[in-house]
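Participant: Here it is, the structure, as structure tokens.
The values are calculated or read from the model by the stated rules, or taken from the named source; none is laboratory data. These numbers were taken from a predicted model, which means no experiment stands behind them. Neighbour counts are summed over all protein chains in view; Cβ atoms, including those assigned to glycine, are modelled from backbone coordinates with ideal geometry.
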Amino acid sequence: MHDYPYTITISSEKGGVGKTTLATNLAIYLKAMREDLPVTVFSFDNHFTIDKMFELQKRDDDVPDVHALLMGAKASEVVQTGQYGVGYIRSSTELGDIHERFKGPMTLTRMLAESGISGIVIIDTRPDLNILTQNALYAADRVLIPVKDLPSLENCKNIFALFDQRGIDKKSLALIPCLIDSRIKFDGIFKDQKTLLRAIAVNRGYRCMDSYISKSPKVESLNTNPDGKIYPILTHARGTEVHSQFMEITRDLLRSVDATKETRACLYHTWLLEKEASKKESYLARLEGLAERCLICGALLAEKPDDRSFYFETSDRTARGFLHGHCVSSMLCSTLYSLQENDSTFDAAKMLVADKANKTVSLLQPLLIEGGSPMLDYRQFNMTGEQQLQKNVDMPGFDAGEFNGTHDRLYLLLNEALAGFEGELRKNSWLAVYPVDAGNPESVLHEESYKTIHRLQKHFAETIKQST
């Protein structure tokens, strides 16, 4: 059975609101309240608080860290079993080169879906909305946004705006008042900090948790003390109000975990599988419509599968298939230079033509003007769609169905690919010939590769339309 984690992201653009304290202690409380539930925590920040709290022995630089995870390392290689039974991934100061890899907003979601990590994953983010933070937000089943004052509450709008821009349901977002000083009192209906912050949050349409976390000198001393260690609230601050508050928050989160039938990672992975299945179906459909023969030499491709170096497709997609490389280069040599195979310069010219053809797309459009001689509009384009060559080629005898010894291969290709009713060519039709990998020609029909073909075919149609 595939494991998909329930992901909790702790995020705020404001520093000093208690994100890391919340992340690390939640991990410990969750594990304590449900021992059989795997809990894994890691951070995109570089303060190494997670390492100091959970590592069982002196830091080993050979152990993979969060950078390795984001670069594609298996979760089994990077998740370490730490103190209190919590799994953790070592922090890293070198995440700057990761941003290029994480251009997409759902990259982390996919990684978590395919990681094999189960249970709960808690992600501590930096106090900004860089691409890693965005990925952590979109991957989350629950986003906890600590707010301790009006400036931190003001910053929340950027997170909500991100979800609006992506069209993502904001139900996963929840504010949690943190570091609330119970000594501060106000006159009027908003008697204290937590009441005021909740009221403003609700007025702005933000969801706010019923729980909150108080400011506590005892808790602050757990992070800064002569021992130079970081102690958890569960074991070193049991008598405080904060301990009870963390218990309440943990129970709330476990209820959400239990009520979630399919986590975000699971749903995304299911979507990926459906997408891949759709791609496979499209690929198989494209394979079914291919011509069985090379339209130039007439040989069955199943009997002569080698040297399928070119793929052709007509403007209306009526005809599609592969062509032998030597057939295409011979045809173009005769078409462009009016050479026959027994000419002394044919082989040398064919080599030059083949080299060019293997790097460009050839577009062939017959021009049959009533009362005029048939001609071929031949063009070459690079793979970005930029035209590099255009030449009009006389086609004597083509309209009468005659072969002239020089353009025989060309006439065969045009008639086989573009023939319509009663042998006449389909009106305004043309075909494009693309170089492909002879070792795996069918790869051109895979989803991503075929998108290039589709884009170029559309571009060619617009180019021809503008030139007529």
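Participant: Restricting to segment 384-440, count the residues that are exposed (fewer than 12 other Cβ atoms within 10 Å of the Cβ), outside any loop (DSSP other than H, G, I, E, B) and among the small types (Gly, Ala, Ser).
Facilitator: 1
Participant: Hey, can you tell me all the residues within segment 176-208 that are under 45 Å from the mean Cα position of the chain (by Cα) and among the aromatic types (Phe, Trp, Tyr)?
Facilitator: Let us first name the residues in segment 176-208 that are under 45 Å from the mean Cα position of the chain (by Cα), namely 176-181, 193-208.
Across segment 176-208, the qualifying residue is only Tyr206.
Participant: Counting only residues that are under 15 Å from Val17 (Cα atoms) and not β-branched (Val, Ile, Thr), which one in segment 218-227 is nearest to the chain's Cα centre (by Cα)? Spell out the reasoning first.
Facilitator: Taking segment 218-227 first, the residues under 15 Å from Val17 (Cα atoms) are 219-220, 223.
Of the ones still in play, those that are also not β-branched (Val, Ile, Thr) are 220, 223.
Values: Glu220: 41, Asn223: 38 Å.
Restricting to residues being under 15 Å from Val17 (Cα atoms) and not β-branched (Val, Ile, Thr), the top hit is Asn223.
Participant: Ok, one more. May I ask you to list the residues in segment 181-208 that are among the β-branched types (Val, Ile, Thr) and either touching a Ser or Thr at 6+ places or on another chain (Cβ under 7 Å) or surrounded by 11 or more Cβ atoms within 10 Å (Cβ to Cβ) (or both)?
Facilitator: Listed by number, the residues that qualify are Ile184, Thr195, Ile200, Val202.
Participant: Does Asp306 fit the bill of being farther than 16 Å from Arg286 by Cα, touching a residue at least 40 places away in the same chain (Cβ under 8 Å) and not in a strand (DSSP E or B)?
Facilitator: yes
Participant: Then there is this: Here are some conditions: (1) at pLDDT 90 or above; (2) closer than 18 Å to Ser43 by Cβ; (3) aliphatic (A, V, I, L, M). Leu95 meets all but one. Which one does it not meet?
Facilitator: Exception for Leu95: condition (1).
Participant: Determine whether Leu144 is buried (at least 22 other Cβ atoms within 10 Å of the Cβ), within 17 Å of Asp124 (Cβ to Cβ) and either assigned by TED's automatic domain parsing to the domain that holds Asp210 or under 36 Å from the mean Cα position of the chain (by Cα) (or both).
Facilitator: Yes: the conditions hold for Leu144.
Participant: Kindly indicate the residue of segment 110-129 that is outside any loop (DSSP other than H, G, I, E, B) and under 21 Å from Thr24 (Cα atoms) and also modelled with the lowest pLDDT among those meeting that condition.
Facilitator: My answer is Leu112.
Participant: Testing Gln380 on (1) outside any loop (DSSP other than H, G, I, E, B); (2) without any contact (Cβ under 8 Å) to a residue 60 or more places away in the chain; (3) surrounded by fewer than 18 Cβ atoms within 10 Å (Cβ to Cβ), one condition comes back false. Which one is that?
Facilitator: Among (1) outside any loop (DSSP other than H, G, I, E, B); (2) without any contact (Cβ under 8 Å) to a residue 60 or more places away in the chain; (3) surrounded by fewer than 18 Cβ atoms within 10 Å (Cβ to Cβ), Gln380 violates only (3).
Participant: Residue by residue through segment 208-239, note down the ones that are among the β-branched types (Val, Ile, Thr) and under 16 Å from Leu26 (Cα atoms).
Facilitator: Residues satisfying the conditions are Ile213, Val219, Ile230, Ile233, Thr235.
Participant: While we're on this one: Could you list, in sequence order, all residues of segment 243-277 that are surrounded by 15 or more Cβ atoms within 10 Å (Cβ to Cβ) and more than 30 Å from Leu108 (Cβ to Cβ)?
Facilitator: Once the filter is applied, which keeps residues that are surrounded by 15 or more Cβ atoms within 10 Å (Cβ to Cβ) and more than 30 Å from Leu108 (Cβ to Cβ), segment 243-277 yields only His243.
Participant: Applying the selection to segment 298-320, what residues are within 17 Å of Ala357 (Cα to Cα) and either not assigned by TED's automatic domain parsing to the domain that holds Leu418 or not basic (Lys, Arg) (or both)?
Facilitator: Asp307, Ser309, Phe310, Tyr311, Phe312, Glu313
Participant: Kindly indicate which of Ala277, Ala349, Ala259 is closer than 24 Å to Phe398 by Cβ and among the small types (Gly, Ala, Ser).
Facilitator: Values: Ala277 fails: closer than 24 Å to Phe398 by Cβ; Ala259 fails: closer than 24 Å to Phe398 by Cβ.
Matching residue, one of Ala277, Ala349, Ala259: Ala349.
Participant: Does any residue of segment 52-70 turn out to be in the same structural domain as Leu137 (by TED's automatic domain parsing), at pLDDT below 95 and closer than 24 Å to Ile176 by Cα?
Facilitator: yes
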